[in-house]
Amino acid sequence: MKVVPVRIIQDYSNTAVNKALSRLSKVEGLFVPYVKENGVNVSIAKASSMLDKAPDLVSVLEKSSDDDLAVIVRNNKTKKGGVSLISSTQDTFEYSEPKQVFIADGRGLKLVNTTSEHEDDLTRAVCRSIEMLTKFVKR
């Protein structure tokens, strides 16, 4: 039986969720190479519909709202899973992450703490979630 590395499970009961899942279905192929390379499987669906399908992640899924998407990543070998909730009603997602950079000046290299701020659309937010969860489940 062939394992599908990325599954986007459609849901027609909520307009915002349905639109978000439809948009993600169109770019599903974007996620496949990364997922295959890292030995994980990804499921994306309306969060509340995944309660029965991911019993080990119920504590997080129960906190979801009706408009939340669940991005679930599972390690193919260990079956360890992680979940990220993303609102289907948002058009943009703002991120702020601390970074350390080296700056060269007249006195040599200097390590500086800085903050990187950026804005993502839904597709990029899902990519970030998949990347973050993949790191978690591969530990």
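The values are calculated or read from the model by the stated rules, or taken from the named source; none is laboratory data. The model shown is predicted, which means the values in this text are computed figures rather than measured ones. As a convention, Cβ positions derive from the backbone with ideal geometry for all residues, glycine included, and neighbour counts pool all protein chains shown. Side chains included, ligands, DNA and RNA excluded: accessible areas come from the protein's heavy atoms. Shrake-Rupley method; radii C 1.70, N 1.55, O 1.52, S 1.80 Å.
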Fill in: Rg/Rh for the chain, where both radii come from Cα atoms and Rh is the Kirkwood radius
1.07
Response to the item:
In this structure, the FRET efficiency calculated for Ile9 and Asn76 from their beta-carbon separation, with R0 = 22 Å, to the nearest 0.05, is 0.70
Worksheet item: Based on DSSP H runs of at least 4 residues, each adding -39500 (n - 2.57), what is the mean residue ellipticity at 222 nm of the chain after dividing by all its residues, to the nearest 500 deg cm²/dmol?
Response: -9000 deg cm²/dmol
Discussion item. Report, in listed order, any pair from Lys46/Lys77; Lys26/Lys135; Lys46/Lys135; Lys36/Lys110; Lys53/Lys77 with a Cα-Cα distance greater than 28 Å.
Written reply: Lys36/Lys110
Response to the item:
Ordering Glu62, Glu28 by the accessible surface of their heavy atoms, 1.4 Å probe, largest first, yields Glu62, Glu28
Practice prompt. Would you tell me the accessible area of Leu85, worked out with a 1.4 angstrom probe on the heavy atoms of the protein chains, in Å² to the nearest 10?
Written response: 60 Å²
Worksheet, complete the sentence: Residue separation between Arg139 and Asp121 times 0.36 nm, minus their alpha-carbon distance, gives in nm 3.7 nm
Worksheet entry | Under 5 Å, built H, 5+ apart or other chain: amide partners of Ile8 | Ile44
Worksheet item: So, how do all the Cα-to-Cα distances of region 59-139 break down into 10 Å bins, in percent, from 0 on up?
Response: 16, 33, 29, 15, 7, 1
Worksheet item: Once both axes come from the Cα atoms, what is the angle between helix 28-37 and the longest principal axis of the chain, in degrees from 0 to 90, rounded to 10?
Response: 70 degrees
Discussion item. Give me the percent of accessible area attributable to carbon and sulfur for region 86-139, probe 1.4 angstrom.
Written reply: 48 percent
Worksheet item: Could you give the angle, 0 to 90 degrees to the nearest 10, between helix 15-26's Cα long axis and the longest principal axis of the Cα atoms of the chain?
Response: 70 degrees
Fill in: Over the chain, relative contact order from alpha-carbon pairs under 8 Å, at least 6 apart, %
21 percent
Item to complete: Among Ser65, Phe102, Ser88, flag the residue with its Cα farthest along the positive direction of the charge dipole of region 62-102, charges on Cβ as +1 for Lys/Arg and -1 for Asp/Glu.
Response: Phe102
Practice prompt. Report the antiparallel proportion of the DSSP beta bridges in the chain as a percent, rounded to a multiple of 5.
Written response: 90 percent
Worksheet item: Length gain on complete extension for the stretch Thr114 to Lys26, per 0.36 nm per residue less the alpha carbon to alpha carbon distance?
Response: 28.1 nm
Item to complete: About the Cα centre of region 43-139, how large is the charge dipole given +1 on each Lys and Arg Cβ and -1 on each Asp and Glu Cβ? Please answer in debye to the nearest 20.
Response: 880 debye
Response to the item:
Semi-axes (Å, rounded, descending) of the ellipsoid equivalent to region 10-55 per its C-alpha gyration tensor are 21, 16, 5
Item to complete: Please determine, in degrees from 0 to 90 and to the nearest 10, the orientation of helix 122-137 with respect to the longest principal axis defined by the Cα atoms of the chain, where the helix direction is its Cα long axis.
Response: 80 degrees
